1. What order, most packed first, do the peptides 316-322, 572-578 have when packing is the mean number of other Cβ atoms within 10 Å of each residue?
2. Can you pull the one-decimal nm distance between simple spin-label points at Glu531 and Val72, each 7 Å off the Cα toward Cβ?
3. Please go through the range 108-138 and write out the trypsin sites (Lys or Arg not before Pro) that DSSP classes as loop and that have at most 13 other C-beta atoms within 10 Å.
4. Provide the packing ranking of 77-83, 580-586, 656-662, i.e. peptides ordered by the mean count of other C-beta atoms within 10 Å per residue, highest first.
5. Using a 1.4 angstrom probe on the protein heavy atoms only, could you order Cys407, Cys449 from most to least accessible area?
6. My understanding is that a pair violates if its Cα-Cα distance is over 21 Å; which of Lys447/Lys594; Lys212/Lys594; Lys23/Lys520 do that in this structure?
7. Provide the gained length on full extension for the span Glu236 to Asn517, in nm with one decimal, where the gain is 0.36 nm per separating residue minus the Cα-Cα distance.
8. Contour minus end-to-end for Ile425 and Tyr608, with contour as 0.36 nm per residue of separation and end-to-end as the Cα-Cα distance?
Amino acid sequence: MNNSSPIQELKGIGAKTSESFEKMGVYTVGDILLRFPRDYVQYPKALQFPGEYHSEDGFCAIKAAAMHAPVVKKTTSMSVTVLMLERGETRLQLIWYRMPYIKNQILPGKQYVFYGRIRKKGTQLVMEQPAIYTIEQYAPIELSLVPVYALTAGITNNLMIKTIRTALNSEKLFTDYLPADIRQEEGLCEYNYALKQIHFPDEMDSLIIARKRLVFDEFFLFIMGMQYQKEKQQKETNPYAFSDANFVWALMEELPYSLTGAQKRTIREILSDMQSPYVMQRLIQGDVGSGKTIIAFLAMAWTSRNGYQSAIMAPTEVLARQHYMSFVSMCKTFGLDIPVILLTGSLTASQKKKTYAQILANPNAIIIGTHALIQEKTVYHNLALVITDEQHRFGVRQRETFSEKGCATHILVMSATPIPRTLAIILYGDLDISVIDEVPAKRLPNKNCVVNTAYRPKAYSFIAEQVKEGHQAYIICPLVEESESTDAENATDYAKMLREYYNGNISVGLLHGKMKNEKKNEIMEQFARNEISVLVSTTVVEVGVNVPNATVMMIENADRFGLAQLHQLRGRVGRGDAQSYCIMINTSRSQTAKKRLEILNHSNDGFYIASQDLKLRGPGDFFGIRQSGDLAFQLADIYQDADVLKSASEAVRRVLDNDPLLEREEHRGLYIRMQRFMDEQIRKMNL
């Protein structure tokens, strides 16, 4: 068996389970080993009941023997299993929902370990949904770090653990591609050791060592792939004749608002690039709400004015449709006779055929779409400018494929991720960088508040007042549906509860990532048309449509999100002229969580937030900052791991200075691994 062997070669993986793994992008033994944990549970020392059980987050493990069997109570909607532990005056109620079989698992008089969160409800101590272990079962995991994986339907965390253990029991599955001199200089452990320790760490120190190696690899391969392509390609001569830059400035004068100084500076840089002897390769980096879209439109309108096509690729179909409607509206407002064409994956075959024909027939068209823009059947006529919106959701190779649809096209990349300039230069080494560090003057800064769960009734009343005034609201939940292992709000039940709370007087919608794309698009478009007043959603709205009418963002279990992601989420409001509000519900008793959320409470500056978040974190806090889809990384975080990023960049430079095309025998493994890494990114993006 090797890392390219099909996943079905592992013991216990049948056809049905294999299909479920494929939905996660896992096809081979190597794929499963590269699905790193998203978190770890550190099981505490089991304490004898009764005793002092409260830790900072409320989780604990207690040893106890039940005096009698659990009791199963029936309600109209579910069964509830209850076991009361009593010693003297101390009473602890254990509760399991929809798990009547628990009654037969617990034998009176036998000692068990119950693991869960203890809370006080009134005067009663309660542990809900506790995990049950025999003394023998708990012993091997006590004080250990147990991995927790991102899952899909049909795959449990226990199955992931079992499958990965089976794979790791084989001989070394990977050859360490990293040159020995780099490993020695950077103090990096061997690759197979890192894999074993990232999944099943012996202790925290070995986890830190393993993570450093794998983070280095992610940065190293990403930068290597980018720089290798750059070494192969000379700076390309600009084949396009752009003139009449005054056309852009004249359009700006017709806008109903004034652009910021940063926006005007960025436009000057773009105009200069597109008239220079070489093709443009530029990154526009601007915080949420800084006004990048109008810059894209002005660049595309100027491209059309000069007789060329331009195309912009959005990360979601909903956003692509909104760009389309916005650009059509602006063309009408400015009196511009420019064909605006929309191409998305959901179009029928006949609709796509018609759209392809329109693209070929209009050499000065503005073309808007999703990844369908880079598919083989899409052929352009005179494409001179390509723009990727929210670049961190596209791979380097995809950007390259997009640009190859034209002939030495100008490239403009737009990102809302607040990356410090020194790190952006490394991550986007093939691009010049423009930073929009001002927010349009007409936009009022968000009013923020961090509150506990007791504030919810006031929040619901406040949202109702905003809806009465004609505005809309988002409510974000961390989970799609109820989870036995995680005590947090879920969007499905929350939407149902809120509909009952408002008694049908306010339209409440539900949106989450498990919905089909067509349904998600339908919900978001209804919200954009104000047919839905309150949208209960998971973080799927992080990169969504622009709804200027939305003024309230309420985030449940805000302590469970990274600050960068919270900042992106609240960027969904405050896009119109009205005052906007962000209500963050903190459900943690941790002082660190409180300090982190206070950073957001007092600042709307994404760069400042990211830097302050980093200061509060230690080397063991691996998972809180990184937001989903951020660049191409699973483990690496550009803020927390900034020093490793710089080291990886320097190591890449040393290798390519000595062997620009990776032709030497000692770099053969590195060349193969780099190519595979880039192919993996394409496959992930296309899932």
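The values are calculated or read from the model by the stated rules, or taken from the named source; none is laboratory data. This one's a predicted model, so the numbers in the text were calculated from it and none came from an experiment. All Cβ positions, even for glycine, are placed from backbone atoms using ideal geometry, and neighbour counts span all protein chains on display. In case anyone asks, the SASA skips ligands and DNA or RNA and just uses the protein heavy atoms, side chains included. Shrake-Rupley method; radii C 1.70, N 1.55, O 1.52, S 1.80 Å.
1. 316-322, 572-578
2. 4.4
3. When the trypsin sites (Lys or Arg not before Pro) of the range 108-138 are filtered for loop state and at most 13 Cβ neighbours within 10 Å, Lys110 remain.
4. Output ranking for 77-83, 580-586, 656-662: 580-586, 77-83, 656-662.
5. Cys407, Cys449
6. The answer is Lys212/Lys594.
7. Extending this stretch completely gives an extra 97.3 nm.
8. Stretched fully, the Ile425-Tyr608 segment lengthens by 64.0 nm.
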